[in-house]
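This report refers to the structure that appears directly beneath it.
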């Protein structure tokens with residue numbers, strides 16, 4: 001029964017988002033951004049509900065959601081870690097940092113989110129801070145000249161604060 005209440009609350013929030021955007025199909029990207037901010041990804045059942053509410057095909061909504069790389073159809077962690085592996089970062093040792101973080105969190109190239117949904121670790125082509133290479137961004141905070149040891153310290157600090 002509590003699952004039904006959770007689902008009802010979830011769709012209530014989605015309805016609020018749709019109302020804020022006047023159920024306007026021309027605001028699909030903004031609507032999806034708001035939904036993703038609420039859920040940290042775009043759940044299939046919510047996409048179907050949004051498509052029906054906007055009177056657009058689910059395929060159109062799915063097309064928008066998959067076209068833009070910042071949308072995710074898979075659950076993401078509470079803490080998003082992005083590691084640059086572009087040329088400058090790669091030359092300055094990003095691979096060692098990537099390997100250390102993946103080992104610490106039990107992740108791989110294909111498994112990017114921890115089972116507890118605490119962390120998502122993504123590698124990106126460029127973060128636009130080549131002078132600080134190698135660069136890692138954790139929850140929008142930039143960390144330059146990253147080493148494997150420093151990356152692990154940052155993750156440990158997050159884990160400690162979450163367990164406090």
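Suppose we look only past 23 Å in the calculated P(r) of segment 79-163. What percent of the Cα-Cα pairs does that tail hold? When all Cα pairs of segment 79-163 are counted, 12 percent exceed 23 Å.
Across segment 79-163, the mean sequence separation of Cα contacts (distance under 8 Å, 6 or more residues apart), normalised by length, yields a relative contact order of 39 percent. A straight line joining the Cα centroids of segment 71-103 and segment 7-70 runs 28 Å.
When Rg and Dmax of the Cα atoms in Å is computed from the coordinates, the matching label among (1) 19.0, 61; (2) 26.9, 94; (3) 18.4, 54 is (3).
What angle, in degrees between 0 and 90 and rounded to the nearest 10, separates the Cα long axis of helix 2-20 from the longest principal axis of the Cα atoms of the chain? Taking Cα atoms only, the helix is inclined about 80 degrees. Axis angle, to the nearest 10 degrees, between helix 28-39 and the longest C-alpha principal axis of the chain: 70 degrees. With no solvent and one point on each alpha carbon, what is the Debye value of log10 I(q)/I(0) for segment 106-155 at q = 0.13, 0.17, 0.30 Å⁻¹? Cα-only, vacuum Debye calculation for segment 106-155: -0.33, -0.57, -1.28. Straightening the chain between residue 139 and residue 55 buys 26.8 nm, computed as 0.36 nm per residue apart minus the Cα-Cα spacing. Kirkwood hydrodynamic radius computed over segment 2-67 comes to 11.8 Å, based on all pairs of distinct alpha carbons. Taking the C-alpha atoms only, the angle from helix 94-105 to the longest principal axis of the chain is near 60 degrees. Using C-alpha pairs under 8 Å with a sequence gap of at least 6, the mean separation divided by the residue count of segment 2-67 gives a relative contact order of 30 percent. Counted residue by residue at 0.36 nm each, then reduced by the alpha carbon distance between them, the extension gain from residue 116 to residue 25 reaches 29.3 nm. When you restrict to C-alpha pairs under 8 Å that are six or more residues apart and normalise by the size of the chain, the relative contact order lands at 19 percent.
All of the numbers you see were taken from the coordinates with simple rules; none came from a lab. These numbers come from a predicted model, not from an experiment.
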